[in-house]
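Structure first, commentary second.
The values are calculated or read from the model by the stated rules, or taken from the named source; none is laboratory data. It should be emphasised that the depicted structure is a prediction, and the values quoted were computed from it without experimental measurement. All Cβ positions, glycine included, derive from the backbone under ideal geometry; neighbour counts span all protein chains shown. Protein only, heavy atoms only, side chains kept; ligands, DNA and RNA dropped before computing areas. Shrake-Rupley method; radii C 1.70, N 1.55, O 1.52, S 1.80 Å.
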Amino acid sequence: MISQADKTRIVEAICAAEAKTSGEIFCVVAHQSSDYRLVPLAWAAALALLVPAPLIYLTLWPASVIYLVQLIVFIAASLALSLPAIRFHIVPRRTQHERAHTEALRQFFAQGLHQTENRTGVLIFASLAERYAEIVADAGINAKVAPDVWDKAIAALIAGIRHGRAADGFVAAIEQCGALLAEHFPPGAMKRDELPNKLVEI
């Protein structure tokens, strides 16, 4: 998803940002947050349920033939709507964002951002298929910083994803997060790196 050269740029941006703060920044990019396998089946079932009524009223076909047509419609619709190019267009935007938000929270805990000494871990998460981005901050940061302060960084990340420059979006978000963290969480005398500086792809 992101070239090695761009990963290096992202790591360098994390190192530069963390040099000015006691906070820890970690980045995760997901190709997609869910495969949404059940959504095409739900749409196909809804289409198949609409088939019998017009056939009953407009034809003299026996029930067995109508049932066969209904079955064919369900199978054909399921296969067609399951194509990746179509599947993401039929998933409601709200559902996509809910799945991506859930994955962001899962990654926050899976990558150990809740285990920093002063609870100052920050996850910058993006899910490309959903064009979704979120910044998840730990309790130590949330106690001093309102969640909406991340909006500008999130907007920069989403803009980069939308224009096919995810790495640029990550670098911009890291720089903005670093500036906010430096303001509220300056580096301590015993500054140490508690989390690896890298971008994880899932």
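Observations
- At most 16 other Cβ within 10 Å, DSSP loop - trypsin sites (Lys or Arg not before Pro), region 31-98: ARG37
- Where the chain is the region considered: accessible area per residue in Å², 1.4 Å probe: 54
- Of all accessible heavy-atom area on region 48-124, the percent that carbon and sulfur account for (1.4 Å): 69
- Cβ-defined net charge surrounding ALA104, 15 Å radius [Lys, Arg +1; Asp, Glu -1]: -3
- What separates the Cα centres of region 68-106 and region 1-31 is a distance of 32 Å.
- Dipole magnitude for the chain: about 440 debye, using +1 per Lys or Arg Cβ and -1 per Asp or Glu Cβ, origin at the Cα centre.
- Computed about its Cα centre, the charge dipole of region 1-106 is approximately 180 debye, with only Lys, Arg, Asp and Glu carrying charge at their Cβ.
- Tilt relative to the chain, helix 166-184 - C-alpha long axis, 0 to 90 degrees, to 10: 50
- Two-site FRET efficiency, ALA143 against LEU105, from Cβ-Cβ distance with R₀ of 25 Å, rounded to 0.05: 0.85
- Sites ILE56 and ILE90, calculated FRET efficiency, Cβ-Cβ separation with R0 45 Å, nearest 0.05: 0.95
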